[in-house]
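Before any comments, here is the structure.
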Amino acid sequence: MENNKILYTSFTKLALKVAMSKGMTLKKAKEIVILKFELHPFEKMIVGLIDESKLIKKEVNTLLNECISVCEDFGPDRDYVTLNIVLERISKIEATKKGTNDIANQVLKTFKEKVDEINKRIESPPLFNVLLETRSVVEWVSMFGVYPFIPKHKASKNKPVLLMPPYLGNDNSTAFVRKYLRSVGFKTYKWDLGVNMINSKSLPKLIEKLDEIYEKHQEKVSLVGWSGGGIFAKIIANRHPEKVEQLITIGSPVWGVKNMKTPLVRSLEFLRGRKLRERNDKFIKELEEIPDVPVTCIYTKTDGLLPWKHCMEAETLRKDINNIEVFGSHCGMGANASVLLTVANSLNTNITGKKPKGITTKIESLFFPEFWEQKGISKFTNLFFS
């Protein structure tokens, strides 16, 4: 979700009105709502919007409808979960007026239902992206020649990392990622469960593997999962945050799987004879939760198998949640230089709290969409002279 003033102007008015419906003064409501946005990435802007707010004359339902209308205009977005959580926190505050809890609870219920409906509208990857998946063959073959030239920032000192392959993939699928992480100082571990069929029966074995690595190193373990492997990694991070250093997903659907539109799901349902949505309900519900560990989600907008918006987590919930876009196909992400760099840099940054610096790091930025989305030639002058 972009830092857009229209959405947050509308939402903060709604949040203030809900707080005031519990019997608070405008001043007290402002203090409460500001507190609920503490540590939000847009906190400074939101505090400014709240400070400027005057007495709100509109009714709660009017403000709710206006906010939902703005969300409709923005379209599907994972970051709505942050707004849900803010409303939920306000609704739990003890009311000074009888019966006013019902107002807050109804607003929360309606808002959740409406944004859930909006998020169900994420379309399946376009045919063009599906056809582009054939380039993954080139990506894998070319990696043998490209690999020696990928910059290697020696940083980690044997920090443990458990990697999980994509659906229908095995440990060979993560070979390049593991090789690169070892070259920069990480101790990598395979998942050792053969072909990944995204079966919930694999979870106990993976948790046992996590326990073994944790006991061996006597420190938390970083989890890296590609596509279906990221599903397992996220659920394990949710169940055992005390043993997980951080979570990194590579082209993984980390939310909304139950309603996800993808040619991959349709083909699986055809081959396996029953709907994926009817299997592993508990498994899917756990995937919706956001683990209390640093999260990095790597995605590509030219993904031909999964809708890329499902591969992004709610960045506005916490400052340690990051979505990073790369160029490339879904099937080629295991042999993508920018993916290798992102995984290694993210692991190191979240462990040390320091981002890699230097001219090599600046040159690396040329291989990411974020650099090319900047306007004007200033992006080049900033690259070498900032």
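The values are calculated or read from the model by the stated rules, or taken from the named source; none is laboratory data. Just so it is clear, the model here is predicted, and its values are computed rather than measured. Glycine gets a Cβ as well: all are built from the backbone with ideal geometry, and neighbour counts include every protein chain shown.
Given the criterion touching a residue at least 24 places away in the same chain (Cβ under 8 Å) and of a type in the set (Lys, Arg), identify the matching residue among Lys36, Lys92, Lys44.
Result of the check over Lys36, Lys92, Lys44: Lys36.
Restricting to the stretch 217-243, name every residue that is without any contact (Cβ under 8 Å) to a residue 12 or more places away in the chain and either crowded, with 23+ Cβ neighbours inside 10 Å or touching a strand residue (DSSP E or B) at 6+ places or on another chain (Cβ under 8 Å) (or both).
Those that are without any contact (Cβ under 8 Å) to a residue 12 or more places away in the chain and either crowded, with 23+ Cβ neighbours inside 10 Å or touching a strand residue (DSSP E or B) at 6+ places or on another chain (Cβ under 8 Å) (or both): none in the stretch 217-243.
Count, please, the residues in the stretch 187-213 that happen to be more than 13 Å from Ile231 (Cα to Cα), touching a helix residue (DSSP H, G or I) at 6+ places or on another chain (Cβ under 9 Å) and of a type in the set (Val, Ile, Thr).
2
Would you point out which residue out of Lys109, Lys54, Lys44 is part of a helix (DSSP H, G or I) and exposed (fewer than 12 other Cβ atoms within 10 Å of the Cβ)?
Lys44
From the list Leu306, Leu340, pick out the single residue that is surrounded by 22 or more Cβ atoms within 10 Å (Cβ to Cβ) and touching a Pro at 6+ places or on another chain (Cβ under 9 Å). Even if it seems obvious, please write down each step before you answer.
Working: Leu340 fails: touching a Pro at 6+ places or on another chain (Cβ under 9 Å).
Leu306 is the lone residue from the list that is surrounded by 22 or more Cβ atoms within 10 Å (Cβ to Cβ) and touching a Pro at 6+ places or on another chain (Cβ under 9 Å).
Which residues, taken from the stretch 57-88, are more than 28 Å from the chain's Cα centre (by Cα), part of a helix (DSSP H, G or I) and either within 16 Å of Lys112 (Cα to Cα) or in contact (Cβ under 8 Å) with a residue 24 or more places away in the chain (or both)?
Val60, Asn61, Leu63, listed by residue number.
When the residues of the stretch 112-123 are filtered to those that are in a helix (DSSP H, G or I) and of a type in the set (A, V, I, L, M), which remaining residue is nearest to Asp79 (Cα to Cα)?
Once the filter is applied, the top-ranked residue is Val115.
Do we find a residue being closer than 23 Å to Ile122 by Cβ and surrounded by 14 or more Cβ atoms within 10 Å (Cβ to Cβ) anywhere in the stretch 11-32? Lay out the reasoning, then the answer.
Residues of the stretch 11-32 closer than 23 Å to Ile122 by Cβ: 11.
Cutting the leftovers down to surrounded by 14 or more Cβ atoms within 10 Å (Cβ to Cβ) gives us 11.
Yes, there is a match, as at least one residue in the stretch 11-32 is closer than 23 Å to Ile122 by Cβ and surrounded by 14 or more Cβ atoms within 10 Å (Cβ to Cβ).
Quick test for you: out of Glu208, Glu242, Glu212, Glu219, pick the one residue that is closer than 30 Å to Arg78 by Cα, acidic (Asp, Glu) and at pLDDT 95 or above.
Glu242
Can you confirm whether the stretch 341-355 contains a residue that is assigned to a loop (DSSP other than H, G, I, E, B), under 15 Å from His153 (Cα atoms) and either at pLDDT below 85 or of a type in the set (Asp, Glu) (or both)?
Checked against the condition, which is being assigned to a loop (DSSP other than H, G, I, E, B), under 15 Å from His153 (Cα atoms) and either at pLDDT below 85 or of a type in the set (Asp, Glu) (or both), the stretch 341-355 yields at least one hit.
Do you know which of the residues in the stretch 159-169 that are touching a Gly at 6+ places or on another chain (Cβ under 6 Å) and of a type outside the set (Ser, Thr, Tyr) is farthest from Val221 (Cα to Cα)?
Here the residue is Pro166.
Report yes if Asn105 is among the polar types (S, T, N, Q) and touching a Ser or Thr at 6+ places or on another chain (Cβ under 6 Å), otherwise no.
Criteria met by Asn105.
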